[in-house]
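The values are calculated or read from the model by the stated rules, or taken from the named source; none is laboratory data. Because the structure is predicted, anything quoted here is derived from the model rather than measured. So basically every Cβ, Gly included, is an ideal-geometry build from the backbone, and we count neighbours across all protein chains shown. These area figures cover heavy atoms from the full protein model, side chains too; ligands, DNA and RNA do not enter into them. Shrake-Rupley method; radii C 1.70, N 1.55, O 1.52, S 1.80 Å.
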Amino acid sequence: HYDNHRGEKKMKKILVVSLIILLTLNMMLTGYGAQIDQLKIAIRGEEGALNPYTYVSETGATIFRLVYDPLFNKSVDLIPEPWLVKEYTLSDDGLVYVFELHDNVKFHDGQPLTAEDVKFTYEYLKQYRKSRFSGPAAAITEIVVLDEFTVQMTLSSPQAEFLTRPLAEMGILPKHIWETITDPDTSRETIGSGPYKLTEIKDGEYYIFEANNEYFNGMPVTKQIYMPIIKDASAMFTA
């Protein structure tokens, strides 16, 4: 009974920490709060290079959205809202989506994010599977670039959660970088278009993110995010 009680307390601590991370990052993505110099958030383990292919846990799946923008973003109420997408339409039969992108989005290396990057990303998922994203994206039968910032997706059947899964979860990859990557599971690439740049990784110790001051959706909430890795849940909760 004592061991069970300790286990329950440990799980509650893990849950609280996970919720803090999720809510804090969502606030940073949606523009709440005043800008600060540094935010420290501990995580329990390594998450690879924190791109859509190398994260390890649900924590990593949340954190990599600091670096990579999805087409939609889940609100604090978990409702998908346009993010990289400026406007969109859906055909009456629920099969054809047309997405108009914001035209002022840039990747961290200064290259523009366009409809070609969206098309590439979702076609890449079909070639190099990542179960969290490739399964929901399997319903996409055709992707057509209509112009530089407009892309059309056709589905095999209507998908009630399509805007959430995969569109509000999968980050858009820069085609000019990822088109040469044939082993994404070992990739160390960290260039996205998100509000933060992943500037330093010390394996087993920490991640450092710096604000993307040219972010299309406004100034990020904090100038730097420092994420130490503290594997023990109790020690992390105390720290």
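Once the dipole of region 63-139 is set up with Lys and Arg at +1 and Asp and Glu at -1 on Cβ about the Cα centre, which of F120, L90, S131 lies farthest towards its positive end?
Value computed over the given set: S131.
Of I79, S234, T141, which is farthest along the charge dipole of the chain in the positive direction, counting Lys and Arg as +1 and Asp and Glu as -1 at C-beta?
S234
Which order do R132, R65 take by accessible area at a 1.4 Å probe, largest first?
So, going from the largest accessible area down, we get R132, R65.
In units of 2.2 N^0.38 Å, what is the alpha-carbon radius of gyration of region 113-239?
1.26
Express the C-alpha Rg of the chain as a ratio against the empirical globular expectation 2.2 N^0.38 Å, rounded to two decimals.
The chain yields a ratio of 1.05.
Treating the angle as unsigned and between 0 and 90°, give the value, to the nearest 10°, between the Cα long axis of helix 2-30 and the longest Cα principal axis of the chain.
40 degrees
Summarise the accessible area of region 49-178 (1.4 Å probe, protein heavy atoms) by the percent that is carbon and sulfur.
The nonpolar share, carbon plus sulfur, comes to 48 percent.
If I take the Cα coordinates of region 141-204 and project them onto the principal axes, what are the three extents in Å, biggest first?
44, 25, 25
Could you tell me the calculated FRET efficiency between D185 and H102, based on Cβ-Cβ distance and R0 = 25 angstrom, to the nearest 0.05?
That gives a FRET efficiency of 0.25.
For region 31-74, what ratio Rg/Rh do Cα atoms give with a Kirkwood hydrodynamic radius?
Ratio of gyration radius to Kirkwood radius for region 31-74: 1.01.
Let me make sure I get this right: for region 57-147, a, b and c are the square roots of the gyration tensor eigenvalues over alpha carbons, sorted descending. Under 1.5 in a/c it's rounded, otherwise prolate if a/b > b/c, else oblate. Which is it?
Since a/c stays below 1.5, the shape of region 57-147 is classed as rounded.
Take the alpha carbon gyration tensor of region 105-152, find the square roots of its eigenvalues, order them as a ≥ b ≥ c, and report rounded if a/c is under 1.5; if not, report prolate when a/b exceeds b/c, else oblate.
Oblate is the answer for region 105-152, as a/c is 1.5 or above yet b/c matches or exceeds a/b.
Hey, what angle do you get for helix 115-127 against the long axis of the chain, alpha-carbon based, 0 to 90 degrees rounded to 10?
70 degrees
From the protein chains alone at 1.4 Å, what is the descending order of accessible area for D109, D92, D77, largest first?
Heavy-atom accessible area, descending, gives D92, D77, D109.
In Å, what is the Rg of the alpha-carbon atoms in region 123-177, and how long is Dmax?
Cα only, region 123-177: 11.4, 32 Å (Rg, Dmax).
Roughly how many debye, to the nearest 20, is the charge dipole of region 134-239 about its Cα centre, given +1 on each Lys and Arg Cβ, -1 on each Asp and Glu Cβ, and no other charges?
About 280 debye.
Find the accessible area per residue for the chain; the probe is 1.4 Å, ligands and nucleic acids are left out, and the unit is Å².
With the other protein chains kept in place, the chain gives 50 Å² per residue.
Given contacts defined as C-alpha pairs under 8 Å and at least six residues apart, what's the relative contact order of the chain, whole-number percent?
This gives 29 percent for the chain.
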